[in-house]
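Bear in mind that the values in this text are calculations on the coordinates, not laboratory data. Quick caveat: nothing in here was measured; it's all calculated off a predicted structure. Cβ: placed from backbone, ideal geometry, glycine included. Neighbour counts: every protein chain shown.
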There are 2 protein chains.
Amino acid sequence: MRELTVDLGERSYPIYIGQGILNNIAGLFEKHQLSRKSPMLVITDDEVAPLHLERVMALLREGGFAATACIVPAGEPTKSLAQLEGIVTAALEAGLDRSSAIVALGGGVVGDLAGFAAASFMRGIRFVQIPTTILAHDSSVGGKVAVNHPMAKNIIGAFHQPELVLFDIDTLLTLPSRQVKAGLSEVIKHGLIWDEAFTQWCDDNAEKLLALDPEALSYALYIGCKVKSIVVSQDERENDLRAILNLGHTIGHALEAVAGYGELLHGEAIAIGMVGAAKLAQQFGYDENIHTVTKNLFLKYGLPVSIPAHLDTGSIMNAMMHDKKFKEGTMVYIIPTEIGKVEIRKDVTVAQVRQIVELLKGES
Amino acid sequence: MRELTVDLGERSYPIYIGQGILNNIAGLFEKHQLSRKSPMLVITDDEVAPLHLERVMALLREGGFAATACIVPAGEPTKSLAQLEGIVTAALEAGLDRSSAIVALGGGVVGDLAGFAAASFMRGIRFVQIPTTILAHDSSVGGKVAVNHPMAKNIIGAFHQPELVLFDIDTLLTLPSRQVKAGLSEVIKHGLIWDEAFTQWCDDNAEKLLALDPEALSYALYIGCKVKSIVVSQDERENDLRAILNLGHTIGHALEAVAGYGELLHGEAIAIGMVGAAKLAQQFGYDENIHTVTKNLFLKYGLPVSIPAHLDTGSIMNAMMHDKKFKEGTMVYIIPTEIGKVEIRKDVTVAQVRQIVELLKGES
C-alpha cells in the first residue's frame, strides 16, 4: 500500500493507494477516528452499487460502523441541487449528526455531489472519498466539491477536504477501456505540468497502464495524486498556482459543453485542450517539441488530439466565455513552457484562442 | 457611527452601526476594496425592496459600482434550494465572476439565503450584510448561513464571513411593533448570556428601545453585536463556546416548528425558551432570582413567557429530538447560572425538559 499526505495544516489528510485495501476499510476508518456512535451515509451510483456496495456495507457493519446507503443515478445530471436535497433527506432519515461522516463510493460525479453534501449538511460534516475510477484520482484530491446549475458546471460548491482518500486498484479493473484512457489523460496531465521524468515514464509504460497492470496503475495514481497534492497544498483555494491544474481545461470544458456531455468524455476533451495549449506555446515562442511530445503521447494512449469537425467554432468560443476562469474580463490561460513545466499567462487574446481552435480542427 | 471588529484572523471584518450611514455605502465599499470592475448582485425581498432598494441601487451606481438586483419573496419558505438556484441564475445572467460580491439587503431570511449563495457560488465569493431588522443584528454576525430542507431548518449551509456589515438605524424605523419586540428578544439574550450590566440597561431602557429611539437602538445593537462577535471570535465553527448563543433556542426552535412558522416569531419563541432555561436553572439549584428577572424583563418588552396551551407537549418534544444540537445522543442545554452568565450542560435529560415544557404552559 502506498500512502501520501495532502499537506494542508489542520486540514491535512492521507491518500491510501493499493490493491485490495478496501478490505481494511474498517481499520482505516478506526485509525482516522470516524465515529461508531454516529450513523454514516455511503453515497454511490447505480452503476457502482452492483459492483462494490454490498461488500463495503458488510465490511463497515462487521467493523462496527452504522452505515446507511444512498444510491443516485450514474451520470453528470446527478450533480444537481435536486439530488443534493435527496441526499439531505437520506441523511436526516438515517439520523446523521454533527459527528457523522458522508462516504463517497464512486467516480467524480459521486465524489463531487457527496462532497458538497458533506460540506453543507449541518454546515459541514466529515467526508471520505473512495474513488472507483482512474479519473477520480484527480477530483478526489484537493477538496473541490460542487454541483452543476443548468447554465454552468460546478458553479455551486465548496472547498471541503476529506478525512482520507482510499483508492483500491481492484475497483478499477472492471472499468471500460474508453474510461480507462480518458482517466489516464488526467494522470498524463499531472506529468505535463510538473514532472518531466514521469511524463517519460508514461510514454514508456503506456501498454502496461492500458492493460491495467496493478503495479503500474498504483504507481501512476500515486504520482498523479502526489503532483496534485503538492499544488493544492500550496494554494488550497485557487488563488494562483492551483490554476496550473487547468492545463487543457479552457478548451476542454468548452468542447464538453458544446459536444453535449457524453460525446466527449472529460479526459478526452482535455487531451485535445492540452494539444491546443502546446500549439499556443509554439506561438509564444516555446520549443515546438512540446507540441510533438504532447500529441504523440495522447495518440499512444488512444486519446483524441483534434476537435471533431462538426463542432462549431463560434459555439466553442461562446462556451469558453462562460467559463468561470475569466476574471474581470482578463483571459487566464495555462501554457506549457517545456515538458513538465507550465506558466499562467494572463495576456492570451480571444483571437489567439480562436485560431488554436481552428487549427485543432485540422490536427491529425 | 459606531464600529466594531469581529476578530477572526484573516477573516476579520467590521460592523458599522449608525443612523443614515447607508448614504455612505459607496465609500464603505471602496474602503473595503469591493470590485468596481466585477458586477455585484444585491439580494433583497419583496417587502424590503419598496422601502430601500431603489436608493441603494442609485447610491451604488453613483459610486461607480455595477450592481444588479434580485428580489425574492419575503418569508421563511424563501430559504430553499430552489431560491438558491434562482439566485445563481441571476448571478450568471449578471455576469458575476470570482471577484464579485453578493450583498444581502434585508432581514435574517435574506441574509441567510444570500450568504449561502455567496458561500457556494464559484465555491465562495465576497459577501456584504446590510441588515434591515433588529433581529438580523444576530444572524448578520458570525458567518452562519443556510437554507432549509423540508424536514429541517438551516440544515444546508456554510460558515461564510462577510466583508463588512452595514447597519443603518434608519432602516429599522419602519419596522412593525411586533417585529421590534421580537428582534429585541435576541438583544436581551446577548445580555443574559454575557453582560449583567447590559441586562440592567435593557431593563432601564425598555421604553426608549420600544419607541425606536435611535441612540438607544444604536447602543443596544452595538452591545448585542459586540457580545456575539466576542463569542464567535473565540469559536468560529461552534465547537464549544458558541453554543451559549443558543440560550432559549432548544425549546424555541421546537415551538417555532410545532406552531408553524409565523404563529410565533423567532424572537418570541426564544423568549419563552429563555424563561424555560431559567426554570431549569432553578431545578439545578441556581438562584431563583434568575427566573424572576428573565421573566419580568420579557414581560416588560411585551414578549410571551409561556407556551400557548394548544401546542401539544409530545409534538414539541418530538420536534426537539430532530434538533441538530443533539450530538451523539447526548442532550446539550444552555442554562443560566446567574444574570449575564450561562453554562453548557450535557447532562440534561429528556424528562427534565419535558417537565419544563409542561411548566411553561402554566406560566403567566
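Where chain A is carried onto chain B by rotation, the Cβ closest to that axis, with its residue and distance in Å, is A:81, 2. Looking at region A:1-120 alone, DSSP beta bridges between its own residues are antiparallel in about 35 percent of cases.
With the convex hull of the Cα atoms taken as the outline of region B:181-362, the averaged projected area works out to 9.8 nm². Applying the Karplus relation 6.51 cos²θ - 1.76 cosθ + 1.60 with θ = phi - 60° to region B:64-74 yields 3J(HN,Hα) values of x, 9, 8, 10, 10, 9, 9, 9, 10, x, 5 Hz, where x marks Gly and Pro. Working note: 222 nm ellipticity from helices only, DSSP H runs with n ≥ 4, each -39,500 (n - 2.57), summed and divided by the residues of chain A, gives -13500 deg cm²/dmol to the nearest 500.
Here B:181, A:37 are placed in order of increasing Cβ neighbour count within 10 Å, fewest first, which gives A:37, B:181.
Going through the cross-link list B:279/B:346; B:189/B:346; A:153/A:189; B:144/B:208, which pairs have a Cα-Cα distance over 25 Å in this structure? In this structure, B:144/B:208 exceed 25 Å between Cα atoms. Look at the alpha carbon pairs under 8 Å that are at least 6 residues apart: their mean separation over the length of chain A gives a relative contact order of 15 percent. Placing a label point 7 Å from Cα along the Cα-to-Cβ axis, residue A:358 is separated from the same position in the other copies by 8.5 nm, shortest listed first. Within 10 Å of the Cβ of each residue in A:149-161, the mean number of Cβ atoms contributed by other protein chains is 5. Sorting A:240, A:235 from the fewest to the most surrounding beta carbons within 10 angstrom yields A:240, A:235. Remark: region B:139-144, residue by residue, has Karplus-estimated 3J(HN,Hα) of 6, 7, 10, x, x, 6 Hz, where x stands for each Gly or Pro and the curve is 6.51 cos²θ - 1.76 cosθ + 1.60 at θ = phi - 60°. Dimensions of the protein assembly as shown along the principal axes, based on C-alpha atoms and rounded to the nearest Å, stand at 84, 65, 36, largest first.
Inter-copy label distances at residue A:203, shortest first and taken from points set 7 Å along Cα to Cβ: 8.3 nm. Computed log10 I(q)/I(0) for region A:2-172 at 0.14, 0.17, 0.18 Å⁻¹: -0.64, -0.98, -1.12, from the Debye equation with unit scatterers placed on every C-alpha and solvent omitted.
Selection among A:95, B:161, A:149 by position relative to the dipole of the protein assembly as shown gives B:161 as farthest towards the positive end (Cβ unit charges, Cα centre). When you work out D = kT/(6 pi eta Rh) for region A:68-137 at 4 °C and 1.567 mPa s, using the Kirkwood radius from C-alpha pairs as Rh and the Stokes-Einstein form, the result is 108 µm²/s. For the pair residue B:296 and residue A:197, label points projected 7 Å from Cα toward Cβ lie 7.9 nm apart. Projected over every direction and averaged, the convex hull enclosing the alpha-carbon atoms of chain A yields 16.4 nm².
About its Cα centre, the dipole of region A:2-172 is roughly 420 debye, where the only charges are +1 on Lys and Arg Cβ and -1 on Asp and Glu Cβ.
Coupling constants for region A:154-171 follow from the phi torsions by the Karplus curve (6.51 cos²θ - 1.76 cosθ + 1.60, θ = phi - 60°), and in residue order they are 6, 8, 10, x, 7, 9, 9, 7, x, 7, 7, 10, 10, 10, 9, 3, 4, 6 Hz; glycine and proline get x. Charging the Cβ of each Asp and Glu at -1 and of each Lys and Arg at +1, and nothing else, the dipole of chain A about its Cα centre rounds to 600 debye.
Each Lys and Arg adds +1 at its Cβ and each Asp and Glu adds -1 at its Cβ; summed about the Cα centre, the protein assembly as shown shows a dipole of about 100 debye. A P(r) calculated from all alpha carbon pairs of region A:113-255, with 10 Å bins opening at zero, reads 11, 39, 37, 12, 1 percent.
Expressed in Å, the radius of gyration and Dmax of the Cα atoms of region A:251-313 are 11.9, 35.
In summary, the helical segments of chain B meeting the span-like criteria, namely a full DSSP H run, a Cα extent along the axis of 15 angstrom or more and a mean Kyte-Doolittle hydropathy of at least 0.0, are B:81-93, B:108-120, B:177-194, B:214-234, B:266-283, B:350-362. Per the Cα gyration tensor, region A:98-152 maps to an equivalent ellipsoid with semi-axes of 18, 15, 8 Å, ordered largest to smallest.
Backbone N atoms of region A:209-229 closer than 15 Å to the 7 Å Cα→Cβ label point of residue A:2 belong to residues A:209-210, A:212-229.
Across the identical copies, the label point of residue B:95 (7 Å from Cα in the Cβ direction) is separated from its matches by 5.4 nm, in order from shortest.
As a proxy for reagent exposure, A:331, A:151 were ordered by neighbouring Cβ count within 10 angstrom, fewest first; the result is A:151, A:331. Note on residue A:355 and residue A:62: their simple-model spin labels are 6.2 nm apart, each label 7 Å out from Cα toward Cβ.
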